[in-house]
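Written below as structure tokens is the structure these notes are about.
The values are calculated or read from the model by the stated rules, or taken from the named source; none is laboratory data. The structure presented is a predicted model; accordingly, all values stated were derived computationally and were not measured. When we count neighbours, we look across all protein chains shown, and the Cβ atoms used for this are built from the backbone with ideal geometry, even at glycine.
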Amino acid sequence: MLKNSMKIKNILSTSLIILFFLLGLILLIAVIMGVPYIVNNIGNVTNIVSGVGMFVLGVIYFIMIILLLEIVSSSKINIFIDANVKRFRQIGYLLFLNLIMDYVSMLFNGVTGIRFIDVAPGIFITPGMTIYFIAGLLCFVIADAFNQAIKIKNDNDLTI
């Protein structure tokens with residue numbers, strides 16, 4: 001069983017490293033191509049806000065990948081550390097920020113796709129927003145579970 005978990009950690013770590021470099025390359029290209037795009041569309045606020053929003057979304061995903069890489073790399077020694085609790089909370093906050101950005105983006109560009117709830121113009125919930133919300137809450141639950149595990153581990157270390 002330990003051998004399988006090491007394989008899974010290695011696959012996860014390798015996948016995150018590949019995503020890290022690919023997303024970093026995409027963000028670099030976005031900066032190089034984004035500046036002329038903004039200059040050409042200086043009068044069109046909707047295009048500029050949309051382009052900058054997509055770039056910020058990419059940066060947020062880039063930060064989340066870095067945090068996940070740090071969590072995976074810390075698991076080689078001990079995964080139940082205070083730094084990982086903080087990292088999971090940061091990922092949760094970033095997912096909520098993505099939810100807000102998704103909502104604002106749809107207010108500017110119009111809602112595309114399915115809506116779970118559509119009460120009035122500007123008041124809606126989409127599947128993507130629901131996923132961001134649930135994943136963000138899940139990160140906070142994992143952070144609390146890690147925090148509880150750290151407390152139990154510290155209590156056990158003090159017990160003879």
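Values for this structure:
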quantity	calculated
Matching residues in the stretch 43-63 - criterion: being of a type in the set (A, V, I, L, M, F, W, C) and either modelled with pLDDT under 80 or in contact with an Asp or Glu (Cβ under 9 Å, 6 or more places away or on another chain) (or both)	V45, I48, V49, L57
Subset of the stretch 121-148 that is surrounded by 15 or more Cβ atoms within 10 Å (Cβ to Cβ) and under 12 Å from I81 (Cα atoms) - its residue that is nearest to the chain's Cα centre (by Cα)	A143
Extreme residue, nearest to A143 (Cα to Cα), among residues of the stretch 84-117 that are touching a helix residue (DSSP H, G or I) at 6+ places or on another chain (Cβ under 7 Å) and aliphatic (A, V, I, L, M)	V85
D118 vs. criteria loosely packed, with under 15 Cβ neighbours inside 10 Å, in a helix (DSSP H, G or I) and among the acidic types (D, E)	no
In the stretch 150-159, residue nearest to L57 (Cα to Cα) [restricted to those that are of a type in the set (A, V, I, L, M) and surrounded by fewer than 15 Cβ atoms within 10 Å (Cβ to Cβ)]	I152
Unmet criterion (only one of (1) of a type outside the set (K, R); (2) part of a helix (DSSP H, G or I); (3) surrounded by fewer than 12 Cβ atoms within 10 Å (Cβ to Cβ)) for I65	(3)
Subset of the stretch 81-111 (residues that are among the aliphatic types (A, V, I, L, M) and touching a residue at least 60 places away in the same chain (Cβ under 8 Å))	I81, V85
Odd one out for F20, checked against (1) exposed (fewer than 15 other Cβ atoms within 10 Å of the Cβ); (2) touching a residue at least 40 places away in the same chain (Cβ under 8 Å)	(1)
The stretch 1-23, residues that are of a type outside the set (V, I, T) and modelled with pLDDT under 90	M1, L2, K3, N4, S5, M6, K7, K9, N10, L12, S13
The stretch 68-92, subset of a type in the set (S, T, N, Q) and under 17 Å from the mean Cα position of the chain (by Cα), residue surrounded by the most Cβ atoms within 10 Å (Cβ to Cβ)	N84
Qualifying residue in the stretch 137-146 (condition: part of a loop (DSSP other than H, G, I, E, B) and either of a type outside the set (S, T, Y) or in contact with a Gly (Cβ under 6 Å, 6 or more places away or on another chain) (or both))	no
Counted residues, the stretch 30-46 - those being in a helix (DSSP H, G or I) and either over 24 Å from the mean Cα position of the chain (by Cα) or exposed (fewer than 12 other Cβ atoms within 10 Å of the Cβ) (or both)	11
